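A short write-up of the structure that comes next.
What follows draws every value from the coordinates through simple rules; no lab data is involved. Keep in mind it's a predicted model, so treat the numbers as computed, not measured.
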Amino acid sequence: MKGFDLKKTVAAATVCLFFPAILAGREGLPGKETLPVMRLSAADTVRLRTSHATWAIPAVCIAYGVAARFNETPVRRFDKYVAGRVNRNIRRRYPADDYLQYAPAVAVCGLDFLPGVASRHNLRDRTLLLATSCLFTGVAVGAMKTGISVRRPLGYADNSFPSGHTAVAFTGAHLLYREYGGTSPWIGIGGYAVATATGVLRAVNQRHWVSDVVTGAGIGILSVEASCLMLPVWHQLLGIRDGGARMAFMPAVTRTSVEIGWVYTF
């Protein structure tokens, strides 16, 4: 699309997601005092205390979107007001949301490899959490799009509710916060900023109503919380012990060669 610069989009997402992690990593270098981030077992994940807001916020977001399905409620009138303003004042489409939606999830898997940046779970458990969260998000979004017919603002389809892009973005962002919030709160803030930008662009591009976006955010957050409850179940089904993954390097030097062996045990 004219006016869209993929390089600038990637650069902006990188700054939001990786720059706070780089700063946190610098604080974790030798000579700096930081609070350690403990690796959590599956049982610890369930026992980890979360505030009531953790469940209340996504519930309110989903309820907000449901309220818009009734004719001429204040929520529905606000949807139409925003869509009308966008239609009159913005003529361009910004396809950055097609890429930004995946950025927080990529950060969940990759930030732990930066020096001084620690996640709450090892790569195996982070992968299980992300896969389960995406499964819950996909099922919820697919079921609601199929069961609740809502025409998109531009009128080309009846599957507007809820926003799948926003749900995917907030799934990654909330898991990013859960995993790296102990290292630096700015990492979570960066993830939420990218997810929010994704949702805003869905409304600006007239692909979704505001209520679709808000509901998508709620689904993403709720899916992550549900996946955390599922982690011990996956460990039991897959026969994974809570001892965690182990990695070891085994160098070997002979007269004719230098060899390095690497073992990673799940």
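Karplus-derived 3J(HN,Hα) values for region 103-109, using 6.51 cos²θ - 1.76 cosθ + 1.60 with θ = phi - 60°, are 4, x, 5, 4, 5, 4, 7 Hz; glycine and proline are entered as x. Amide H contacts for Val150 (H built 1.01 Å from N in the peptide plane; partners 5 or more residues away or on another chain; cut-off under 5 Å): Asn159, Ser160, Phe161. Each eigenvalue of the Cα gyration tensor of region 123-189, multiplied by 5 and square-rooted, gives one semi-axis; in descending order these are 30, 14, 6 Å.
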